[in-house]
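Student: Here's a structure for you.
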Amino acid sequence: MSGGASVSARGWGWRHAGRRAWAVEGLDLEIAAGERVLLLGASGAGKSTLISALAGVLGAADEGEERGTLLVGGTRPQDARGRVGLLLQDPDSQVLLARVGDDVAFGCENLGVPRDEIWRRVGSALDAVGLHLPLSHPTSSLSGGQKQRLALAGVLAMQPGLLLLDEPTANLDPAGVEEVRDAVARVLAHSEATFVVIEHRVAVWRHVVNRVVVLAPGGGVLADGPPEEVLATRGAELAASGVWVPGFPPARPLRAASPHGSAPLLGAPLLRACELAVARVKGVPVASGLTLDVDPGVATVITGPNGAGKSTLALTLAGLVAPEGGALEAGDTLAAGAGSHPIRWKSRELLTRIGTVFQDPEHQFLSSTLRKELAVGPAALRIPQREIDERVDELLARLRLTALAEANPFTLSGGEKRRLSVATALATRPALLVLDEPTFGQDSRTWAELVALLAELLDSGTALVAVTHDADFVDALADREFRMPGAPVPGGAA
Ligand SMILES: Nc1ncnc2c1ncn2[C@@H]1O[C@H](COP(=O)(O)OP(=O)(O)OP(=O)(O)O)[C@@H](O)[C@H]1O
Ligand SMILES: [Mg+2]
């Protein structure tokens with residue numbers, strides 16, 4: 001394996017085109033070859049911007065303005081690309097080819113690695129991430145978590161001198177998080193590679209790294225040093241700025257009714273699923289025999305391993321995917337004259353009944369600014385403009401997005417995109433909210449704000465169904481847990 005590459009930033013900064021504020025400013029940072037660094041900072045602090053710059057993919061001069069110098073192994077990142085491996089936040093955009101083996105081999109092929117060597121590396125990289133699938137297995141059938149492990153394997157196979165991971169486990173079930181983390185740790189134990197990982201949750205990586213660097217929102221470094229030392233001396237301050245520090249849990253909302261099943265029911269079920277079978281592709285059920293009620297004012301969390309069909313169930317409950325078998329019926333309150341089958345509702349009928357937050361936020365963005373995006377639903381309901389403006393302003397403020405009102409949704413940071421997608425679903429005030437991984441990518445402060453907002457909605461009678469791997473979210477909000485029965489899929493959490 002190649003030796004580690006150093007990183008050097010001197011007065012470095014980047015301002016994305018179209019933004020007034022610098023995403024990163026005045027950064028001085030030296031990372032020696034072989035160091036293992038956990039990069040922290042509030043949502044929007046510039047972590048992903050820095051890591052993209054190091055990977056040489058930040059873009060040309062017309063995509064932003066640069067200041068100072070940034071070097072990888074003594075050269076400009078654009079000239080060091082073969083030495084840098086990058087795993088991004090969104091696994092879907094990184095899975096490129098139809099078959100597992102080809103996808104993992106892709107990066108090596110671009111680097112001109114000899115054929116025999118490529119297939120040897122592909123095998124050991126798949127082993128390392130615990131993805132025990134035939135090389136011909138179709139990548140399209142993988143769950144989000146499996147795709148994340150596949151993309152990681154592709155990066156590992158290139159044997160980079162600088163390994164950069166941007167929230168690599170945010171989308172995995174708890175077993176998957178440990179498996180990927182342990183796989184990375186095993187790889188690092190036999191490697192001289194320099195390692196930088198971004199992850200809001202300190203606990204996952206603290207024993208794999210030997211240094212923590214916290215970016216300050218608005219520029220510079222807030223804290224820097226060995227993990228235990230930084231956490232012991234600066235823990236409270238970092239927690240207050242949004243870092244998930246072990247021992248400093250974020251504030252939890254007080255629910256009007258006591259949680260965990262004892263919430264008084266405000267009426268008949270909004271939705272009843274009885275022996276429901278769900279399928280993304282017609283005729284190929286991913287889970288069946290699912291029976292649950294969705295009640296007003298009650299938070300139901302759907303949990304279970306990667307690949308169990310949680311997202312498919314969520315889309316089915318949301319009236320966006322037709323049931324494959326069994327029954328799904330809306331009660332009279334929710335149906336309100338639109339018929340008892342959500343899948344037959346027109347999109348305008350859905351708007352006030354069921355709001356959906358997709359696993360991938362980008363799948364729901366339609367507009368060129370956040371303000372316009374949030375107004376789409378209310379405008380379709382022909383709500384007066386003045387009220388639309390009020391709702392939009394309130395949501396922007398509640399989700400800490402006001403400063404980004406005129407920004408393009410596709411240019412947001414990972415955490416900002418997630419908050420916008422939640423805000424969009426709330427804008428039409430639906431009676432039922434279906435959320436797929438609502439807290440993905442949040443720092444501890446935006447997490448607490450989001451959870452508080454959802455708690456208020458619950459108290460006002462909104463029903464909530466959330467697919468989640470987030471144990472803190474389950475603790476804070478769940479009245480009921482629906483665990484997916486689904487048999488583990490091939491190559492799943494082994
Ligand atoms: N392509 C882009 N164009 C314009 N602005 C951008 C772009 N990418 C990011 N930004 C902005 O730059 C700032 C820093 O974003 P960045 O993605 O680096 O934050 P982050 O620390 O990774 O946040 P998160 O924890 O939410 O992922 C944010 O204000 C974001 O909206
Ligand atoms: Mg980011």
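Bear in mind that the values in this text are calculations on the coordinates, not laboratory data. Worth saying up front: this structure is predicted, and the values here are computed from it rather than measured. Cβ: placed from backbone, ideal geometry, glycine included. Neighbour counts: every protein chain shown.
Student: Could you derive backbone 3J(HN,Hα) for segment 17-28 from the dihedral phi with the Karplus parameters 6.51, -1.76 and 1.60 (θ = phi - 60°), listing whole Hz in sequence and x where the residue is Gly or Pro?
Tutor: Working through the residues one at a time gives 4, x, 10, 7, 7, 6, 5, 9, 8, x, 8, 10 Hz.
Student: With the crude spin-label approximation of a point 7 Å out along Cα→Cβ, what separation in nm comes out for residue 120 versus residue 17?
Tutor: Between residue 120 and residue 17, the simple spin-label model gives 4.4 nm.
Student: Across segment 3-14, in residue order, what do the Karplus-derived ³J(HN,Hα) couplings come to in whole Hz, using 6.51 cos²θ - 1.76 cosθ + 1.60 with θ = phi - 60° and x for Gly and Pro?
Tutor: So the J values, rounded to whole Hz, are x, x, 10, 7, 10, 9, 10, 10, x, 7, x, 9.
Student: A follow-up question, please. Go ahead and collect, in residue order, the members of segment 14-56 whose backbone nitrogen is under 20 Å from a label point 7 Å along the Cα-Cβ direction of residue 229.
Tutor: What the label zone holds, given the 20 Å backbone N cut-off, is 28-41.
Student: Moving to a separate point now. Please give the FRET efficiency for residue 78 paired with residue 346, using the beta carbon to beta carbon distance and R0 = 60 Å, rounded to the nearest 0.05. It would help to have the intermediate numbers written out before the result.
Tutor: On the way: r = 50 Å, r/R0 = 0.83.
Calculated transfer efficiency: 0.75.
Student: Another question about this same structure. Can you list residues from other chains, or at least 5 along the same chain, whose modelled amide H is less than 5 Å from the amide H of residue 302?
Tutor: Answer set, sorted by chain and number: 466, 467, 468, 482.
Student: PRE reach from residue 397 (point 7 Å along Cα→Cβ): which of segment 351-386 fall under 17 Å by backbone N?
Tutor: Under 17 Å, as judged by backbone N against the label point of residue 397, lie 371, 386 of segment 351-386.
Student: On to the next question. Hey, can you grab everything whose amide H is under 5 Å from the amide H of residue 243? Only 5+ residues off in sequence or another chain; H modelled, so Pro and N-termini drop out.
Tutor: For residue 243, whose amide H was placed from the backbone, the distant partners under 5 Å are 444.
Student: Ok, one more. Given 0.36 nm per residue, what is the gain on full extension from residue 322 to residue 98 after removing their alpha carbon distance, in nm?
Tutor: Details: separation 224, 0.36 × 224 = 80.64 nm, distance 2.61 nm.
Stretched fully, the residue 322-residue 98 segment lengthens by 78.0 nm.
Student: Using 0.36 nm times the number of residues separating residue 140 and residue 483, minus their current alpha carbon distance, what extension gain do you get? Let's see the in-between values first.
Tutor: On the way: separation 343, 0.36 × 343 = 123.48 nm, distance 2.44 nm.
Length gained, residue 140 through residue 483: 121.0 nm.
Student: For residue 61 and residue 111, compute 0.36 nm times the residue count separating them, minus their Cα-Cα distance, and round to one decimal in nm.
Tutor: Values: separation 50, 0.36 × 50 = 18.00 nm, distance 2.56 nm.
So the extension gain works out to 15.4 nm.
Student: 5 Å is the cut-off here: which amide hydrogens, built 1.01 Å from N in the peptide plane, fall below it relative to residue 331, excluding neighbours closer than 5 in sequence?
Tutor: Here the answer is 271, 272, since their amide H atoms fall under 5 Å of that of residue 331.
Student: Each residue of segment 232-244 in turn: what ³J(HN,Hα) in whole Hz from Karplus with 6.51, -1.76, 1.60 and θ = phi - 60°, glycine and Pro shown as x?
Tutor: Per residue, the Karplus-derived 3J(HN,Hα) values read 6, 8, 10, x, 4, 5, 5, 4, 5, 8, x, 7, 7 Hz.
Student: Given only helices, namely DSSP H runs of n ≥ 4 each adding -39500 (n - 2.57), what is the per-residue ellipticity at 222 nm of the chain, to the nearest 500 deg cm²/dmol?
Tutor: Working: 15 runs with 162 residues, N = 494.
When only DSSP H runs of four or more count, the value is -10000 deg cm²/dmol.
Student: Sticking with this one: What is the distance in Å between the Cα centres of segment 294-339 and segment 340-398?
Tutor: Taking the Cα centre of segment 340-398 as reference, the centre of segment 294-339 is 19 Å away.
Student: A further question follows. Could you sort 463-474, 95-106 so that the peptide with the highest average Cβ count within 10 Å comes first and the rest follow in order? Write out the running numbers ahead of the final one.
Tutor: On the way: 463-474: 21.5, 95-106: 19.0.
The densest-packed peptide leads the list: 463-474, 95-106.
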